[in-house]
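Student: Below you'll find the structure I mean.
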Protein chains: 2
Amino acid sequence: MSEEYTPPKVWTWDKANGGAFASVNRPIAGPTHDKDLPVGEHPFQLYSLGTPNGQKATIMLEELLEAGVAEAEYDAWLIKIFDGDQFSSGFVDINPNSKIPAMVDRSGAEPFRIFESGAILMHLAEKFGMFLPTANPARAECLSWLFWQIGSAPFIGGGFGHFYNYAPVKIEYAIDRYAMETKRLFDVANRRLAESRFLAGDDYTIADIATYTWMGNLYRGEAYGEAATFLSMHEYEHVGRWVGEIDQRPGVLRGRLVNSAKGLSERHSAADFDSLPPEKLKGIVKGF
Amino acid sequence: MSEEYTPPKVWTWDKANGGAFASVNRPIAGPTHDKDLPVGEHPFQLYSLGTPNGQKATIMLEELLEAGVAEAEYDAWLIKIFDGDQFSSGFVDINPNSKIPAMVDRSGAEPFRIFESGAILMHLAEKFGMFLPTANPARAECLSWLFWQIGSAPFIGGGFGHFYNYAPVKIEYAIDRYAMETKRLFDVANRRLAESRFLAGDDYTIADIATYTWMGNLYRGEAYGEAATFLSMHEYEHVGRWVGEIDQRPGVLRGRLVNSAKGLSERHSAADFDSLPPEKLKGIVKGF
């Protein structure tokens, strides 16, 4: 890296763009190898990993099951992104963007794909009529906060998390840029949660599920090394109140354990959770 | 900027984070001044600017009007983001995130807000039953591509556009990172559009509107200086075919002219377009 860098006229892929994700970043799409995805017995087949975006899907599915929606039973298969599982022909068929989570809905006569965490939340919410208000203005408020999260997460993860924690060189300008934006986003949420129990109003919705997985990890100090100290997370007390409340929901506790080295690498039945130490399902263990 | 930078333990806002957007980036949310928003006579009040995100809303409204939905009449007010209009008390009331576009739906008994370009597209599509399939798998496909665009645009605009064009210093690592991801995203779209007329299938949907405003500008060479050359946009021929087709839609031509210095700074009636040189509405003028 030079301070006097002049970009070439035409960018070429002739060097390693380093960092923790160097092995999985490419300037082209499409599959790198032929491999089918496994298929289990349940209506929903989830192919994912327990990152914040992955947790959105597993929390939603576990929340539906917790609410008694037996039709939301699912198989959660592990996609090891550092091993390139997202570039298999089977995965690319269900998500041409090669990112987790991706899902196949096999509840009807013809299976179909749905990808992107926000789309999966919308699809399940609409299918089962839960966690997404049907009447305005509540629905408009939920959609607004949901899309706010989807459009802002790249500044937190791909921006702040990358440059503060993952990049092979610490670049002051980039860290400042994304620290400022991450703090602003937390302040947006904090002001909203000072006046409202949940993001979209009195009811817990998919906007909360989407935002919680990202903000909860950072608030608890479980993301990006010393980021909670660096970003002064203690300033966001209303976010903390809301994270603490959602932390205790049984569906959330289970959802966070799926496709995770700290819980279940895969999940194929409710009984799978019985293999875990019971304290992990009571929200009293830090770090998962 | 130093190559040996070590971040402090706690980030503080004690320096200017430079570049074209330095005056509008802050680590806190909320209003900076008291000012109400103007309100016109139509059912939809849009507060926006003709950026790619702003164009999503104006194209959708003009597409609805083009399709004969008279109830989609709107007033489009200009929000000058470099003057800080997005930090007025009135704007923050309708979008606590202080970003354009934001809208008030006054079509019913009680006005309500909706913010974020993706939420505005969903809201209008659901309200009028257009440009969003109601049955699966078409709906799932549309949602997937819509959320794909919303979640990836920050890598193109806030990432590539910023570091390649706007940042006060050229940082090779950051430019490489975001050039690679922007090219990958174009390749995702290119492969999809090689097999499908539109992103979600045979029909033009809000997923196309959302993606077109970002990819169209870059493909045509109208974004971020020499970016089209730098990113070898000519490689994405199927994106080009799709951009060229959407470029000619009357609703798109009009929508791109709203809240723009190259067209109408504000739009309050269909007759407003009559003030423009007619060639601007025929898609034969480059650069708007």
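Student: Return the whole-Å distance between the Cα centroid of segment B:216-272 and the Cα centroid of segment B:189-212.
Tutor: Here the answer is 16 Å between Cα centres.
Student: Summarise the long-distance tail of P(r) for the protein assembly as shown by giving the % of C-alpha pairs beyond 41 Å.
Tutor: Cα-Cα pairs in the protein assembly as shown separated by more than 41 Å: 18 percent.
Student: Hull surface divided by four, with the convex hull built on the Cα atoms of chain B: how many nm²?
Tutor: Directional mean of the projected Cα hull area for chain B stands at 16.7 nm².
Student: Now for a separate question. Counting other Cβ atoms within 10 Å, which GluC sites (Glu not before Pro) in segment B:220-261 have at most 16 and lie in a DSSP loop?
Tutor: For GluC sites (Glu not before Pro) across segment B:220-261 that sit outside H, G, I, E and B with at most 16 neighbouring Cβ atoms in 10 Å, the list reads B:E222, B:E226.
Student: Let me ask you something else. Find, to one decimal place in angstroms, the Kirkwood hydrodynamic radius of segment B:44-128, where the mean of 1/r is taken over every pair of different Cα atoms and then inverted.
Tutor: Averaging 1/r across every pair of different Cα atoms and inverting gives 12.8 Å.
Student: Let me ask something else. Note the buried accessible area between A and B here, summed over both chains, with a 1.4 Å probe, in Å² to the nearest 100.
Tutor: When A and B are taken together, about 7400 Å² of accessible area is lost.
Student: Out of A:G151, A:L64, A:G108, whose Cα points farthest toward the positive end of the dipole of segment A:48-153 (charges: +1 Lys, Arg; -1 Asp, Glu; placed on Cβ)?
Tutor: Of A:G151, A:L64, A:G108, it is A:G151.
Student: In percent, how large is the relative contact order of segment B:44-128, given Cα pairs closer than 8 Å and 6 or more residues apart?
Tutor: In percent, rounded to a whole number, it is 34.
Student: May I pose another question? List the pair-distance distribution P(r) of segment A:140-196, using every Cα-Cα distance, as the percent of pairs falling in each 5 Å bin from 0 up to the bin containing the longest distance, rounded to whole percents.
Tutor: Pairs per bin, as whole percents: 4, 19, 24, 21, 14, 10, 6, 2, 0.
Student: Note down the magnitude of the dipole of segment B:44-128 about its Cα centre, charges +1 on Lys and Arg C-beta and -1 on Asp and Glu C-beta and zero elsewhere, to the nearest 20 debye.
Tutor: So the magnitude is around 260 debye.
Student: Taking each residue in B:151-162, count the Cβ atoms of any other chain within 10 Å of its Cβ, then average. What number comes out?
Tutor: 5
Student: A follow-up question, please. Calculate, in whole percent, how much of the Cα-Cα pair population of segment A:130-288 lies beyond 23 Å.
Tutor: Roughly 44 percent, once rounded to a whole number.
Student: Just name one of B:L121, B:P96, B:I79: the one whose Cα is farthest towards the positive end of the charge dipole of segment B:44-128 (beta-carbon charges, Lys/Arg +1, Asp/Glu -1).
Tutor: The one lying farthest along the dipole's positive direction is B:P96.
Student: Give me the inter-chain shielding for A:187-200: mean count of other chain Cβ atoms within 10 Å, whole number please.
Tutor: 2
Student: Looking at B:L264, B:W214, B:Q248, which one has the Cα that reaches farthest to the positive end of the dipole of segment B:164-283 (charges on Cβ: Lys, Arg +1; Asp, Glu -1)?
Tutor: Value computed over the given set: B:L264.
Student: Sort shortest first the distances from B:T12 to its counterpart in every other copy, using label points 7 Å along the Cα-to-beta-carbon line, and give them in nm.
Tutor: 4.7
Student: Using helices alone, what [θ] at 222 nm do you get for the protein assembly as shown, with -39,500 (n - 2.57) per DSSP H run of 4 or more residues, divided over all residues and rounded to the nearest 500?
Tutor: After summing the helix terms and dividing by residue count, I get -12000 deg cm²/dmol.
Student: Right, another one. Considering Cα pairs under 8 angstrom that are at least six residues apart, work out the relative contact order of chain A and quote it in whole percent.
Tutor: Once normalised by length, the contact order is 22 percent.
Student: What ranking do B:153-159, B:88-94 get when scored by the average of other Cβ atoms within 10 Å per residue, highest first?
Tutor: B:153-159, B:88-94
Student: OK, next. What is the spread of the Cα atoms of segment A:115-154 along each of their three principal axes, largest first, in whole Å?
Tutor: On the principal axes, segment A:115-154 reaches 29, 22, 10 Å in Cα extent.
Student: Quick check for me: using +1 on Lys/Arg Cβ and -1 on Asp/Glu Cβ, what's the dipole size of the protein assembly as shown about its Cα centre, in debye to the nearest 20?
Tutor: Dipole about the Cα centre, nearest 20: 820 debye.
Student: Sticking with this one: Compute the label-point distances linking B:Y166 to its equivalents in the other copies; points lie 7 Å from Cα along Cα→Cβ; give nm, one decimal, shortest first.
Tutor: Those separations, rounded to one decimal, come out as 2.2 nm.
Student: Separate question: Taking the Cα centre of chain A as origin and charging only Cβ (+1 Lys, Arg; -1 Asp, Glu), how large is the dipole, in debye to the nearest 20?
Tutor: It works out to roughly 460 debye.
Student: Provide the packing ranking of B:129-140, B:180-191, i.e. peptides ordered by the mean count of other C-beta atoms within 10 Å per residue, highest first.
Tutor: With the highest mean Cβ count within 10 Å placed first, the list reads B:180-191, B:129-140.
Student: Can you give the average number of partner chain beta-carbon atoms within 10 Å of each beta-carbon in peptide A:107-119, as a whole number?
Tutor: That works out to 5 on average.
Student: Closest to the A-onto-B rotation axis, which residue of chain A has its Cβ, and how many Å off the axis is it?
Tutor: A:P154, 2
Student: Could you pull the copy-to-copy label distances for A:L281, with points set 7 Å along Cα to Cβ, in nm to one decimal and sorted shortest first?
Tutor: Its label point is 6.5 nm from the equivalent points in the other copies.
The values are calculated or read from the model by the stated rules, or taken from the named source; none is laboratory data. Worth saying up front: this structure is predicted, and the values here are computed from it rather than measured. Every residue, glycine among them, receives a Cβ derived from its backbone with ideal geometry; neighbour counts consider all protein chains shown. These accessible areas exclude ligands, DNA and RNA; they are computed on the full protein's heavy atoms, side chains included. Shrake-Rupley method; radii C 1.70, N 1.55, O 1.52, S 1.80 Å.
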